[in-house]
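The next block holds one structure in the form of C-alpha cells; read it before the comments.
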Amino acid sequence: MTHPTPPSALGRNDPCHCGSGKKYKKCHWEADQQHQPEGSPSMMPWLAPKTQAMIKTPRQIEGIRRASLLTAQILDQLEDKITQGVTTNQIDQWVTQATKEGGGIPAPLNYKGYPKSVCTSINEVICHGIPSDRQLVEGDIVNVDVTSVVDGFFGDASRMYLVGAVSPEARKLVEVTRECLDFGIMAVRPGGFIGDIGHAIQTHAEKNGYSVVRDFVGHGIGENFHEEPQVPHYGQKGTGQPLVPGMVFTIEPMINQGKWQMRVLKDNWTAVTIDGSLSAQFEHTVAVTGTGVEVLTLSPRHGR
C-alpha cells in the first residue's frame, strides 16, 4: 500500500481520476498542473464543493494514520485476551486502558449517550452491542469495534474473534465476511465510485448464500467520528460518489447468515438479526491514493 499522493502521480495515459473514462492527459492533467499545489491533494477546483470537502490534506491523513495505528494495535492485543469466561465488560476495560496508555481517547464513550468505550457484538448481534457481565462461552463469535482518538483524529476498525471451538457454519460466515471486506477494499481506486465497493461486497456475500445488512453503512472519518461520504455495503458498479485521492472512510460490511433485516433492542443501541441468525463484521479505515488505496488500520501483527 502507498501513501496518499496527488493526481499527478497518475500516468498521462492512465484513466482520469474524475471517473470520465478519458485518459488523464485528455481530461484533467492540464488543470492539475496549473492548480495542484505541491503535496496538497484537496485542491481540485473542478470537483463539486461537497466532494472537495471530503478530501483530506497530507497533515490530516497522517493524523488519521496515527489514530488508526493505535486502534489496530489494540485489536491485536485482544487476540491474546479474548477466551472462554471473559466478560465483555473486561474487554471494555482492556480497551479503555490500552487506549489511554497509547495516548488516545476511546471515541465511543459518551458518544450520543453510548455508555462504554467499545462495542462488543456476539453471535446474532449485528453491531453496537454494549459490554456487560455476559461471559463468553465456547462457540461464540464476537465482533469488537474500536475507535481511537489521537490528537483530535479518529481511527476506526473492528474484527471478529472466535471463542474456543466454533461450528463450521460460524467459521465460514466469519471467513466470508473477512473476504467481503477484502473485496470491498480492492474496489477502491481513484476514478471509481462508492457503488463499486458495495457491489463487490454484495456479490461475494450473496454468492455464498449470505445477506448484507442495509441499515448501517461505512462512513467518512477524520477530525470527526462520522463524516461524508456514506459507504453502503451493497449497490451497483459505477454509481454513487466518485472516489478521488485524499478521501478517507471506513468499509465495514455486516454479513448475516439469514435475512438482512434487523431490529434494535430496548437499550436503543444493540442491533440484532431479525431472525436470530448469526452475523459477522470486519472493518478498516482506508484512504484513496493517487494509484489505489491505503489501509490505515492494518494489523501490525498480521499485516492485513
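The values are calculated or read from the model by the stated rules, or taken from the named source; none is laboratory data. Model, not experiment: these values are computed from the prediction. SASA here: full protein model, heavy atoms, side chains in, ligands and nucleic acids out. Shrake-Rupley method; radii C 1.70, N 1.55, O 1.52, S 1.80 Å.
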Next on the checklist: With every protein chain kept in place and ligands, DNA and RNA left out, what is the accessible area per residue of the chain? Probe 1.4 Å, answer in Å².
Outcome noted: 43
Next on the checklist: Can you give me the long-range amide H partners of residue 227? Hydrogens built in the peptide plane at 1.01 Å from N, cutoff under 5 Å, separation of 5 or more residues or another chain.
Outcome noted: 220, 221
Next on the checklist: Can you tell me the length gained on complete extension of the stretch residue 237 to residue 48, counting 0.36 nm per residue apart and subtracting the Cα distance?
Outcome noted: 66.0 nm
Next on the checklist: If I take every Cα pair under 8 Å that is 6 or more residues apart in the chain, average their sequence separation and divide by the length, what percent do I get for the relative contact order?
Outcome noted: 23
Item to check | Among 245, 108, 232: highest mean-square fluctuation, GNM of the chain, C-alpha pairs under 10 Å | outcome: 108
Checklist entry - Roughly speaking, what is the centre-to-centre gap between the stretch 90-132 and the stretch 175-195 when only Cα atoms are used, to the nearest Å? => result 26
Checklist outcome for this item: Highest GNM mean-square fluctuation among 277, 121, 148, for the chain with Cα springs under 10 Å, belongs to 277
Checklist entry - For Rg and Dmax of the Cα atoms in Å, which listed value, (i) 29.7, 107; (ii) 19.4, 62; (iii) 18.8, 59, comes from the coordinates shown? => result (ii)
Checklist entry - So how tilted is helix 58-78 from the main axis of the chain? Cα-based, degrees 0 to 90, rounded to 10. => result 20
Checklist entry - Percent of accessible area on the stretch 118-263 owned by carbon and sulfur, 1.4 Å probe? => result 49
